[in-house]
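Step one of this worksheet: look at the structure below.
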Amino acid sequence: MKHILILSLSCLFFVAACKKDPKPSLNKKSVGDSANHLLSDDDYNKLTIELVSVEGFELSSDVKDDLKTFLESLINKPKGIQIKTSNLENPGLAPYSVDDIVE
């Protein structure tokens, strides 16, 4: 269970921010250098968070709502914050690699 929680929370860091146009971001700066891009609406007016969990260990809707509310209080995204979820089948493996998570 601890591994599943760590996996779910670590997936939070696989955050995909949508740019005003559909092109993917080529911003390769560190988080500190990218803070203004991530927090303001100058370059990114919407934030999409992709959460991956193992079937049977999904985050509750309350947790996702609380995460969204927390982020909305900190960042300026006029087109909103979207949380997308997907599940991995539970093959009984631990820990998962990035290749196991990425579709």
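The values are calculated or read from the model by the stated rules, or taken from the named source; none is laboratory data. Only a predicted model underlies this, so the values are computations on that prediction, with no experimental measurement involved. Just so you know, the surface numbers come from the protein's heavy atoms only, side chains and all, with ligands and any DNA or RNA stripped out. Shrake-Rupley method; radii C 1.70, N 1.55, O 1.52, S 1.80 Å.
Could you give the alpha-carbon Rg of segment 46-99 over 2.2 N^0.38 Å, rounded to two decimals? Don't jump to the answer; show the numbers that get you there.
On the way: Rg = 13.5 Å, N = 54, 2.2 N^0.38 = 10.0 Å.
Dividing the Cα Rg of segment 46-99 by 2.2 N^0.38 Å gives 1.35.
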* Asked: Can you list residues whose amide H is under 5 Å from LEU51's amide H, if they're 5+ apart or on another chain and H is modeled 1.01 Å from N?
  -> LYS84, THR85, SER86
* Report, by chain and number, residues whose modeled amide H sits under 5 Å from the one on ASN90, excluding near sequence neighbours (fewer than 5 apart, same chain). => GLU55
* Could you go through segment 40-53 in sequence order and give the Karplus-derived ³J(HN,Hα) for each residue, using 6.51 cos²θ - 1.76 cosθ + 1.60 with θ = phi - 60°, rounded to whole Hz, and x for Gly and Pro? => 9, 9, 4, 10, 10, 9, 8, 10, 10, 10, 10, 10, 10, 9
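Summarise the accessible area of segment 35-103 (1.4 Å probe, protein heavy atoms) by the percent that is carbon and sulfur. Let's see the in-between values first.
Working: 2220 of 4510 Å².
Answer for segment 35-103 is 49 percent, counting heavy atoms of protein chains only.
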